[in-house]
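All remarks here apply to the structure that follows.
Just so it is clear, none of the values below were taken in a lab; they were calculated from the coordinates. The shown structure was predicted, so the numbers you read here are calculated from the model rather than taken from an experiment. Ideal geometry is used to build each Cβ from the backbone, glycine not excepted, and the neighbour counts take in all protein chains shown.
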């Protein structure tokens with residue numbers, strides 16, 4: 001099971017670059033890139049709130065649950 005991060009989809013829908021989003025929410029591009037590529041173990045609620053506010057979306061638009069087994073779980 002895993003959580004899929006759809007940050008790149010929302011950025012494309014809003015025609016926004018990662019650099020712009022990083023500046024708006026006060027995170028580094030590198031930190032956002034790690035979230036976008038699903039290389040983090042967690043995201044703070046305050047970060048999620050900022051992302052949703054700037055991208056005008058709901059948490060469910062950014063995060064998706066998948067029951068598929070990952071290589072880490074085998």
Worksheet item: Order of 5, 54, 40 from fewest to most other C-beta atoms within 10 Å?
Response: 40, 54, 5
Worksheet entry | Cα-based helix-to-principal-axis angle, 45-55 vs the chain, degrees rounded to 10 | 60
Item to complete: Tell me the label-point distance for the pair residue 20, residue 54, using the 7 Å Cα-to-Cβ offset, in nm and rounded to one decimal.
Response: 1.1
Worksheet item: Which of 4, 25 comes first, and how do the rest follow, when ranked by fewest Cβ neighbours within 10 Å?
Response: 4, 25
Worksheet, complete the sentence: Neighbour-count ranking for 34, 10 (other C-beta within 10 angstrom, fewest to most) reads 34, 10
Worksheet item: Taking only the alpha-carbon positions of region 2-68 and ignoring solvent, what does the Debye formula give for the base-10 log of I(q)/I(0) at q = 0.12, 0.16, 0.28 Å⁻¹?
Response: -0.26, -0.47, -1.57
